[in-house]
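Reading through the structure tokens given below for one structure.
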């Protein structure tokens, strides 16, 4: 007989009464004998040499100790971007194969580019769940389409929809470390603290990791757990305590050229890099350190110090988590992996940013302004990123950066530590390893097989290969199958110790790309191009790349940045031009909020005011670095257009009086009556305040949301985090806010290249 609630046959018997019946309880799933806890610590945009144990002067004693007690891999490879590497790590398959060939931010309309992990590609958490593991996701996710990040989901691509039991973190590529876009399970929440009371996301994520594990041990200490801790560090914005940041100024004052040489010398002394390895020339566009002015050097040094401080700060808090594991007695049987998702980022450009939100909306950030704000770097009203010269140093001794398929984009640090089962301490492993190899390796270490189906969905075969053999045998061979790479048209292929790679200038014909050939087993840093000496080998590898690309959903090649974002936004919003936000709603992520970039629009708040001193925010979108806010202050209606921390404010000419009324702002893109000024990239817009539809104040400005609004989202009746304007958050509205209506006109005109540049700075 079958029970009505279970498809499994009932193992007892059911008579007419309990006296002639036999109860039965199905055996719960049990983990394999000795199954370890698993702690994955995933850093963001950390280059190959940035951990101390890989040659850096940045203080990472916690990670260095794990390496000294375990293994360091010198040929661990990723996919060049964050979403894609995370998809490969989580599934044990190539990122294109599972539908995340590029970013989670958009769906390009092709199988390899959905921006969402296919159901046919189960995650590690889903695989472990069947073996009694409890799975906890903390920190950055970024494998859910951001158009699915709103209050209604769908949630099937969020962590709880992909095998994790609890989630605390953020869905986007980046977030402000002092006022993050937080999600708990399936709900957007406010951060539990602020900058003024000492809050920082890194500390919060470690606190939550400790809580999840402590809760687990209180409830089911007999079962193993997976904790996936994905820091925001060291993705922009680089934010950390000022004292830690300033402590690095003296360390990096010598500049990136000297720093590269020093790091490579340490790497050779450690055995990470062969003694005969050559230093590549500076990357394209990077000037010699000495070619910069003293003022530029001061700014660049502080920007690098912010990056270093963010990593140092994360390492300090990771130490708290490991101390907790030691104190509770589970450290010995916890398999710990520390890694980065791609190489250091080039998105800071040649000069870096203190607040990137301005330049990406055509408001320049000249060097004198940077210098004036030197001590602000890393603080709550900055969105900092270092110059690409320092990113080059992070990736020492490798060429290029994140996004690229040369070593600087795809070769990353990887530390493995398991006291109970890995006897080797402080040893190096030089085998080629790929992100897709992680899940097969963990499954083999645990002693379980990948399932053929999950929740009734037949599963794709794993494409990664276990590297368990190399853990015990330093001389074990690398994987036998080739591994392709592709990102934004940049291509590469590793096979049998050789690598073919092509850098693709965006917007140029793919057939014009120049392929290079390197014997990686003898040329660690990819400096000796053998394409002309061995054209037959190169031709075979290029042909193999095309076969691999076809087999793994890489095609069609697509190097577009802005158009893909724009197409996705247009498809998501469709013909919708009006949003109505009712009182009582929660936070709205920026990707599902009204897209008011480069268009005319109207915002009206329907309010009832009894007390004429009922100040507060009616609607806000963004944070201190960029955004807009419509609010009442000192009985006046105020609109603040914040572009990179530069405020254009219009205030009503009359006071707000009690009663029911509509308080709004109308933004009109004005038609040119004269040719634009030389060098001008924007038109003029008028910002007109209204009360019950009647104008009460206006201003005109060239500033506006040309390429982005903010990476922070929208709220009504409050400004939940880092304040957009000149008030103290949350500055909740004191009257009755019934609803806010946002109506957008059909005159949007986006600069595709500008949007692409802005969006890439976010990834």
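The values are calculated or read from the model by the stated rules, or taken from the named source; none is laboratory data. Given the structure is predicted, the values throughout are model-derived calculations rather than measurements. Neighbour counts run over all protein chains shown; Cβ positions are idealised from the backbone, glycine included.
Couple of notes before you dig in:
- All strands (runs of 3 or more DSSP E) inside the range 694-746 with 1 or more residues being assigned by TED's automatic domain parsing to the domain that holds residue 624 and within 30 Å of the chain's Cα centre (by Cα): 714-716, 736-744
- Residue 551, sole failed condition from (1) modelled with pLDDT of 95 or more; (2) closer than 18 Å to residue 77 by Cβ; (3) out of contact with any helix residue (DSSP H, G or I) (no Cβ under 6 Å at 6 or more places or on another chain): (2)
- From the list 236, 344, the one residue that fits, being more than 16 Å from residue 379 (Cα to Cα) and crowded, with 24+ Cβ neighbours inside 10 Å, is 344.
- If you go through the range 575-611 and keep only what is surrounded by fewer than 14 Cβ atoms within 10 Å (Cβ to Cβ) and over 14 Å from residue 740 (Cα atoms), you end up with 575, 576, 610, 611.
- Filtering the range 645-672 to residues that are buried (at least 23 other Cβ atoms within 10 Å of the Cβ) and either in a loop (DSSP other than H, G, I, E, B) or not assigned by TED's automatic domain parsing to the domain that holds residue 743 (or both) leaves only 656.
Conditions (1) closer than 19 Å to residue 709 by Cβ; (2) assigned by TED's automatic domain parsing to the domain that holds residue 618; (3) free of Cβ contacts under 8 Å to residues at least 24 places away in the same chain, marked per residue:
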{"site": "517", "(1), (2), (3)": "no, no, no"}
{"site": "520", "(1), (2), (3)": "no, no, no"}
{"site": "524", "(1), (2), (3)": "no, no, no"}
{"site": "529", "(1), (2), (3)": "no, no, yes"}
{"site": "533", "(1), (2), (3)": "no, no, yes"}
{"site": "542", "(1), (2), (3)": "no, no, no"}
{"site": "569", "(1), (2), (3)": "yes, no, no"}
{"site": "581", "(1), (2), (3)": "yes, yes, no"}
{"site": "584", "(1), (2), (3)": "no, yes, yes"}
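- Between 364, 397, 350, 413, the distinction of being over 25 Å from residue 195 (Cα atoms), free of Cβ contacts under 8 Å to residues at least 60 places away in the same chain and either in the same structural domain as residue 442 (by TED's automatic domain parsing) or in contact with a helix residue (DSSP H, G or I) (Cβ under 8 Å, 6 or more places away or on another chain) (or both) belongs to 364 only.
- Of all residues in the range 230-259, none that is not assigned by TED's automatic domain parsing to the domain that holds residue 303 and in a helix (DSSP H, G or I) has its Cβ atom under 6 Å from the Cβ atom of a residue that is buried (at least 24 other Cβ atoms within 10 Å of the Cβ) and modelled with pLDDT of 95 or more, 6 or more apart or on another chain.
- Test: residue in the range 55-68 that is assigned to a strand (DSSP E or B) and in contact with a helix residue (DSSP H, G or I) (Cβ under 7 Å, 6 or more places away or on another chain): no
- Within the range 462-489, tally of residues that are in a loop (DSSP other than H, G, I, E, B), touching a strand residue (DSSP E or B) at 6+ places or on another chain (Cβ under 7 Å) and within 22 Å of residue 127 (Cβ to Cβ): 2
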